[in-house]
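Bear in mind that the values in this text are calculations on the coordinates, not laboratory data. These numbers were taken from a predicted model, which means no experiment stands behind them. Because the Cβ atoms are built from the backbone with ideal geometry, glycine has one as well, and the counts that use them run over all protein chains shown.
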Amino acid sequence: MYETWYKMTQMLRSGLDISQVLTHRIPIDQFQDAFKIMESGNCGKVVLKW
């Protein structure tokens, strides 16, 4: 299950720029809004900020 996480970690460390893929950064206390955005399909990746 974690194989892709390990591969992504390696790519990020080597300088892969994913800023164009991250469309939303939402505080953890607004997680319900984040789920609504994801369910709508009008996003790339949604990141919850801890």
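Using a 7 Å offset from the Cα along the Cα-to-Cβ direction at both residue 50 and residue 7, what is the distance between the two label points in nm, to one decimal?
2.5
Taking residue 36 as the anchor, which lysines have their alpha carbon closer than 19 Å to its alpha carbon, excluding any fewer than eight residues away along the same chain?
In chain and number order, the partners are 45, 49.
What are the extents of the Cα atoms of the chain along their three principal axes, listed from largest to smallest and rounded to whole Å?
Answer, in whole Å and largest first: 32, 23, 19 Å.
Any idea what angle helix 31-40 forms with the longest principal axis of the chain, computed on alpha-carbon atoms, 0 to 90 degrees, nearest 10?
80
For helix 3-13, report the angle its Cα long axis makes with the longest principal axis of the Cα atoms of the chain; keep it between 0 and 90° and round to the nearest 10°.
80
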